[in-house]
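Bear in mind these aren't lab numbers, they're just calculated from the coordinates by the rules spelled out. None of the values given here were measured: they were computed from a predicted structure. As a convention, Cβ positions derive from the backbone with ideal geometry for all residues, glycine included, and neighbour counts pool all protein chains shown.
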């Protein structure tokens, strides 16, 4: 099984070679490490957690014209090519398909598992704190969005489709997603790690607004 994990890492690293900096191989690697840490305290299938963590962003829909089928399909095709057991393939593909934040906005979402909770927490931890702030502004720059516009308030309580098409200033994303994640962690380990990262973002925003107004 170690060979499968190594081959999966090589595959993902190759596919994400030219990816946007917040969703590249290094993001995947951090999520993988987070998942390994969280899994130590959870009753999960280690192989499923590792494969799902590595393949979770193989084709993020936001970089594929909103097509949410490409990532799960690529994950399935790769695992099938490696003769992975069909039960494992289905579980991993379901995690890739359902774990994103935008899918949590869909009241019709059905799939869940302890393995998905671990990988989901691992991914969400990388969306907050210092790394989360860096990724947020990197993506905003990638999309040429304003840093902040006091005249454009955050759009709270969005539907999945509204979230997918949102184009507000980068600071708005803190309120539309990042600051919500602390209370959405599934595992005790992630809840503990999220607390300090959440506070870091609050401190950052406080400093940001003071500098924006010329107070510091």
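Number of residues in the range 86-132 that are part of a helix (DSSP H, G or I) and closer than 21 Å to residue 158 by Cβ equals 10. Total residues in the range 6-32 satisfying the condition of being loosely packed, with under 15 Cβ neighbours inside 10 Å and either within 16 Å of residue 82 (Cα to Cα) or touching a residue at least 60 places away in the same chain (Cβ under 8 Å) (or both): the figure is 4. Within the range 77-87, at least one residue is touching a helix residue (DSSP H, G or I) at 6+ places or on another chain (Cβ under 9 Å), closer than 19 Å to residue 25 by Cα and surrounded by 17 or more Cβ atoms within 10 Å (Cβ to Cβ). Scanning the range 46-61 for residues that are within 16 Å of the chain's Cα centre (by Cα), part of a helix (DSSP H, G or I) and either without any contact (Cβ under 8 Å) to a residue 12 or more places away in the chain or closer than 16 Å to residue 98 by Cβ (or both) returns 49, 51, 52, 53, 55, 61.
Scanning the range 29-45 for residues that are touching a helix residue (DSSP H, G or I) at 6+ places or on another chain (Cβ under 6 Å) and part of a helix (DSSP H, G or I) gives 31, 32, 34, 35, 38, 39. Across the range 143-167, the number of residues qualifying as surrounded by 14 or more Cβ atoms within 10 Å (Cβ to Cβ) and within 22 Å of residue 19 (Cα to Cα) comes to 4. Does residue 95 fit the bill of being touching a residue at least 24 places away in the same chain (Cβ under 8 Å) and surrounded by fewer than 18 Cβ atoms within 10 Å (Cβ to Cβ)? Criteria not met by residue 95.
Conditions tested, residue by residue: (1) touching a helix residue (DSSP H, G or I) at 6+ places or on another chain (Cβ under 6 Å); (2) closer than 22 Å to residue 60 by Cβ; (3) part of a helix (DSSP H, G or I).
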position: 149; (1), (2), (3): no, no, no
position: 156; (1), (2), (3): no, no, no
position: 163; (1), (2), (3): yes, yes, yes
position: 192; (1), (2), (3): no, no, yes
position: 196; (1), (2), (3): no, no, yes
position: 202; (1), (2), (3): no, no, yes
position: 211; (1), (2), (3): no, no, yes
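Criterion applied to 195, 146 was being free of Cβ contacts under 8 Å to residues at least 40 places away in the same chain and within 25 Å of residue 115 (Cα to Cα), and the one residue passing it is 195.
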